[in-house]
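For reference, the structure is listed below as structure tokens.
The values are calculated or read from the model by the stated rules, or taken from the named source; none is laboratory data. This structure is a prediction, so every number in the text was calculated from the model and none was measured. Quick reminder, even Gly has a Cβ in these numbers, built from the backbone with ideal geometry, and neighbours come from all protein chains shown.
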Amino acid sequence: MSFVFYILATLTISGGLAAVLLKNTVHCALALTVAFAGLALLFLELDAQFAGFAQILIYIGAVAILVVFAILLTKGSETPKDGVFSHTWLAGLAIAAAVFAVLGWAVVRSAPMLPGAAPAPAVTVQQIGDALMGRYVLPLEIVGVLLTAAMIGAVIVALHEKEAQK
Amino acid sequence: MTPLAGYLLVAAFLFAIGLAGALTRRNAILVLIGIELMLNAANLNLIAFWRYGPHPEALTGMMFAIFSIAVAAAEAAVGLGLVIQIHRHAHTTDLDQMNRMKG
């Protein structure tokens with residue numbers, strides 16, 4: 001376990017915790033961006049450069065901006081008077097703690113069987129492009145169709161009703 | 001502890017944070033943020049298993065993660081569009097007040 005890993009893990013987890021715990025919704029979105037950046041750096045630390053930069057482009061560049069837009073369009077930045085957590089928060093917290101306990105127990109129990117340190121795989125962007133255009137061309141096309149459908153669907157769903165009736 | 005176990009524990013904790021956020025927050029956008037965190041934790045698992053797996057040159061885990069990122073982007077766009085439309089209807093994004101379909 002390298003020192004860099006601990007720094008990046010702390011950054012990611014504190015960003016995630018802040019995104020869930022902070023009261024102001026805009027601050028939550030900014031903390032979420034920190035968590036996304038930490039994850040992108042963890043991907044880079046795992047020698048997955050392509051996935052790391054894709055994470056930066058898509059999550060920090062697109063999803064975070066989309067979340068901020070949605071917060072500002074729905075006046076979500078106003079903190080509600082009766083608390084930011086649902087009245088069933090204790091049950092939700094218990095479920096999350098139970099899920100983490102099970103996952104952590106499984107990881108710790110299987111840790112001796114997991115493969116140890118491995119040499120960094122030499123993967124070039126050319127290999128990724130070849131794989132995307134060769135073996136994974138059908139999933140790539142399906143994702144393209146899905147993204148088009150999602151874009152049109154999001155516009156139709158969010159369209160104003162008065163404009164839709166024209 | 002092997003490096004892989006460390007990454008898996010970080011991913012598990014991030015997943016639990018996202019789940020707690022999705023289950024306890026009242027604002028619908030914060031619930032979507034929790035879901036995004038859970039998806040990202042899954043991506044971290046995929047990349048970690050790809051890196052320390054027996055055949056990283058096959059690129060399977062990396063491809064799975066990239067497609068997962070693309071699908072998560074589509075999910076975020078549609079989800080936030082739905083939240084904006086619900087806000088227009090109900091004038092709130094508080095999930096505790098959206099009880100019209102409550103049984």
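Some points to look at:
- For the residues B:Ala42, B:Ala11, B:Ala28, the requirement of being modelled with pLDDT under 90 and more than 7 Å from every other protein chain (Cβ to nearest Cβ) singles out B:Ala28.
- Looking across the range A:34-84, just one residue is more than 10 Å from chain B (Cβ to nearest Cβ) and of a type in the set (Phe, Trp, Tyr), and that is A:Phe53.
- Filter result (within 19 Å of B:Glu57 (Cα to Cα) and of a type outside the set (S, T, N, Q)) within the range A:127-138: A:Ile128, A:Gly129, A:Asp130, A:Ala131, A:Leu132, A:Met133, A:Gly134, A:Arg135, A:Tyr136, A:Val137
- Which listed residue is more than 7 Å from chain B (Cβ to nearest Cβ) and closer than 22 Å to B:Ile35 by Cβ, from A:Ala98, A:Ala154: A:Ala98
- Residue list for the range A:47-67, filter: more than 15 Å from B:Ser68 (Cβ to Cβ), modelled with pLDDT of 90 or more and crowded, with 18+ Cβ neighbours inside 10 Å: A:Ala64, A:Leu66, A:Val67
- Residue within the range B:54-67 that is under 16 Å from A:Ile58 (Cβ atoms), buried (at least 20 other Cβ atoms within 10 Å of the Cβ) and not hydrophobic (A, V, I, L, M, F, W, C) present: no
- Some residue of the range A:90-98 being under 21 Å from B:Ala65 (Cβ atoms) and surrounded by 15 or more Cβ atoms within 10 Å (Cβ to Cβ): no
- For the range A:63-166, the helices (runs of 4 or more DSSP H) that sit wholly inside it and include 3 or more residues that are in contact with a helix residue (DSSP H, G or I) (Cβ under 7 Å, 6 or more places away or on another chain), over 20 Å from B:His87 (Cα atoms) and among the β-branched types (Val, Ile, Thr) are A:89-110.
- Count of the range A:14-29 residues which are more than 8 Å from chain B (Cβ to nearest Cβ), over 13 Å from the mean Cα position of the chain (by Cα) and either in a helix (DSSP H, G or I) or among the hydrophobic types (A, V, I, L, M, F, W, C) (or both): 6
- Neighbours by Cβ (under 8 Å, 6+ apart or cross-chain): first from the range A:9-37, in the same structural domain as A:Ile65 (by TED's automatic domain parsing); second surrounded by 16 or more Cβ atoms within 10 Å (Cβ to Cβ) and of a type in the set (Asp, Glu): A:Leu32/B:Glu36
- Residue list for the range B:65-100, filter: within 8 Å of chain A (Cβ to nearest Cβ) and among the β-branched types (Val, Ile, Thr): B:Ile66, B:Ile69, B:Val71, B:Val78, B:Val83, B:Ile84, B:Thr93
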